[in-house]
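The values are calculated or read from the model by the stated rules, or taken from the named source; none is laboratory data. Just so you know, these numbers come straight off a predicted model, no measurement behind them. So basically every Cβ, Gly included, is an ideal-geometry build from the backbone, and we count neighbours across all protein chains shown. All accessible areas refer to the heavy atoms of the entire protein, side chains included, with ligands and DNA or RNA removed. Shrake-Rupley method; radii C 1.70, N 1.55, O 1.52, S 1.80 Å.
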Amino acid sequence: MYPTISVAPTRPVAAYLGGKRNLAKRLCAIIDGHEHRNYVEPFVGMGGIFLRRSRRPTAEVINDLSGDVANLFRVVRRHYQPFIDEMDGLHACRAEFDRQMQLDPAALTDIERAVRFLYLQRLAFGGKVHGRTFGVSRGVGSRFNVARLRADLRALSQRLESVIIEQLDYAAILRRYDARETLFYLDPPYEGTEGYGIEFGPDEYRRLAEMLAGIAGDFIMSINDTPLVREAFARFAIEEVSTTWTVAQTAGKKVTELIIRNRRR
Ligand SMILES: C[S@@+](CC[C@H](N)C(=O)[O-])C[C@H]1O[C@@H](n2cnc3c(N)ncnc32)[C@H](O)[C@@H]1O
């Protein structure tokens, strides 16, 4: 048995396209019941699974190719106070949302970039990452409550204390961290859904399946149920699960998703 440490589950600091709110309980139970020494998430996004775990192993790695995502986690961990001070001056306002949208992330400091990303992400309709619009709903209050945000960010900065944060293509992460004791939890962009500003075409699922077939460690993947996905991952154990997609605060349609794994142990 590998040692694990209990941690306080926290929630993602912003909504995110493909965030795993509805499946989180189920996926965390599967992950926690799976023995591993190293936990690696190649597509972490806002951390809908990573943050909701209640136990953690010795080593944890989170990764996302998005510079905004990796930068936010790094800034929250290393520059928590100056970041909070910058966030404190903001409130939900369409004019400020539009102004932040116009800024070029590449021309900002790391802290400014993290502020921009979190502000937009917190306020964007449906947790969209690309093509964001100012999200308001009748009868729903502002989603930018600084006191609540401060508490979420404090919990996040503590949770990230000993976590390795990477910003690489998933293939490089699989190569770098694969080992017999490693468990990868993968939540790639859903097939047919665009919106991260990063290309992830049909061939990418086949490339991912090929790589996963050759790893020494274990993996658990959540993905939408499509013919292409079923074909690409046919060699692994595929389980159907029912869930509900949520867009912003409104309940969405019921769908079937897949949990795919290589059962080695
Ligand atoms: C479905 S989302 C993950 C959502 C996450 N589980 C959550 O709870 O927020 C997929 C993520 O994969 C990232 N991504 C897309 N292509 C990638 C690649 N080639 N390598 C690593 N990350 C990638 C996107 O930036 C996005 O954050």
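Restricting to the stretch 54-82, and then to whatever is within 26 Å of residue 2 (Cβ to Cβ) and more than 13 Å from the chain's Cα centre (by Cα), can you tell me which residue is modelled with the lowest pLDDT?
58
Within the stretch 20-49, how many residues turn out to be under 11 Å from the mean Cα position of the chain (by Cα) and over 21 Å from residue 126 (Cα atoms)?
Residues in the stretch 20-49 being under 11 Å from the mean Cα position of the chain (by Cα) and over 21 Å from residue 126 (Cα atoms): 2 in total.
Taking only the stretch 41-85 into account, find how many residues are more than 15 Å from the ligand (Cβ to nearest atom), touching an Asp or Glu at 6+ places or on another chain (Cβ under 6 Å) and open to solvent by less than 40 Å² (accessible area, probe 1.4 Å).
1
Restricted to the stretch 21-36, and to residues that are assigned to a loop (DSSP other than H, G, I, E, B) and touching a strand residue (DSSP E or B) at 6+ places or on another chain (Cβ under 7 Å), which residue is most open to solvent (accessible area, probe 1.4 Å)?
At the first step, the residues of the stretch 21-36 found to be assigned to a loop (DSSP other than H, G, I, E, B) are 21-23, 33-36.
Applying the additional criterion that residues be touching a strand residue (DSSP E or B) at 6+ places or on another chain (Cβ under 7 Å) yields 21-23, 34, 36.
Working: 21: 136, 22: 77, 23: 8, 34: 37, 36: 8 Å².
Checking each candidate, the answer is 21.
Let's see how each residue does on (1) open to solvent by 40 Å² or more (accessible area, probe 1.4 Å); (2) within 17 Å of the chain's Cα centre (by Cα); (3) hydrophobic (A, V, I, L, M, F, W, C):
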| position | (1), (2), (3) |
| --- | --- |
| 88 | yes, no, no |
| 126 | no, yes, no |
| 145 | yes, no, no |
| 157 | no, yes, no |
| 168 | yes, yes, yes |
| 172 | no, no, yes |
| 176 | yes, no, no |
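Restricting to the stretch 26-40, give me the number of residues that are of a type in the set (D, E, K, R) and within 13 Å of the ligand (Cβ to nearest atom).
Count: 0.
Which number in (1) assigned by TED's automatic domain parsing to the domain that holds residue 16; (2) outside any helix (DSSP H, G or I) marks the one condition that residue 129 misses?
(1)
For the stretch 196-212, name all the residues that are over 21 Å from residue 23 (Cβ atoms) and within 11 Å of the ligand (Cβ to nearest atom).
197, 198, 199, 201, 204, 207, listed by residue number.
In the stretch 54-91, which residues are in contact (Cβ under 8 Å) with a residue 12 or more places away in the chain and part of a loop (DSSP other than H, G, I, E, B)?
Scanning the stretch 54-91 gives 54, 57, 58, 64, 65, 66, 79, 90, 91.
Name the pairs: first residue in the stretch 188-211 and over 16 Å from residue 64 (Cα atoms), second residue among the hydroxyl-bearing types (Ser, Thr, Tyr) and part of a loop (DSSP other than H, G, I, E, B), Cβ to Cβ under 6 Å, at least 6 apart or on different chains?
191/226
Rundown of residues vs (1) within 13 Å of the ligand (Cβ to nearest atom); (2) over 23 Å from residue 132 (Cβ atoms); (3) hydroxyl-bearing (Ser, Thr, Tyr); (4) exposed (fewer than 11 other Cβ atoms within 10 Å of the Cβ), yes/no style:
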position	(1), (2), (3), (4)
161	no, yes, no, yes
164	no, yes, no, no
181	no, yes, no, no
191	yes, no, no, no
214	no, yes, no, yes
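Step by step: first the residues of the stretch 4-24, then only those that are charged (D, E, K, R) and touching a helix residue (DSSP H, G or I) at 6+ places or on another chain (Cβ under 8 Å), then the one that is modelled with the lowest pLDDT. Which residue is that?
Residues of the stretch 4-24 charged (D, E, K, R): 11, 20-21.
With the extra rule that they be touching a helix residue (DSSP H, G or I) at 6+ places or on another chain (Cβ under 8 Å), the set shrinks to 11, 20.
On the way: 11: 92, 20: 77.
It comes out as 20.
What do you reckon, is residue 17 within 9 Å of the ligand (Cβ to nearest atom), surrounded by 17 or more Cβ atoms within 10 Å (Cβ to Cβ), within 18 Å of the chain's Cα centre (by Cα) and not in a loop (DSSP other than H, G, I, E, B)?
In short, no.
State yes or no: is residue 231 assigned by TED's automatic domain parsing to the domain that holds residue 185, more than 25 Å from residue 21 (Cα to Cα) and open to solvent by 20 Å² or more (accessible area, probe 1.4 Å)?
Numbers: assigned by TED's automatic domain parsing to the domain that holds residue 185: yes; more than 25 Å from residue 21 (Cα to Cα): yes; open to solvent by 20 Å² or more (accessible area, probe 1.4 Å): yes.
Criteria met by residue 231.
Among the residues of the stretch 190-225, write down those that are part of a loop (DSSP other than H, G, I, E, B), out of contact with any strand residue (DSSP E or B) (no Cβ under 8 Å at 6 or more places or on another chain) and modelled with pLDDT of 95 or more. Talk me through it step by step, then tell me what you get.
Residues of the stretch 190-225 part of a loop (DSSP other than H, G, I, E, B): 190-201, 214-217, 225.
Now drop any that are not out of contact with any strand residue (DSSP E or B) (no Cβ under 8 Å at 6 or more places or on another chain), which leaves 194-201, 214.
214 - this is the single residue of the stretch 190-225 that is part of a loop (DSSP other than H, G, I, E, B), out of contact with any strand residue (DSSP E or B) (no Cβ under 8 Å at 6 or more places or on another chain) and modelled with pLDDT of 95 or more.
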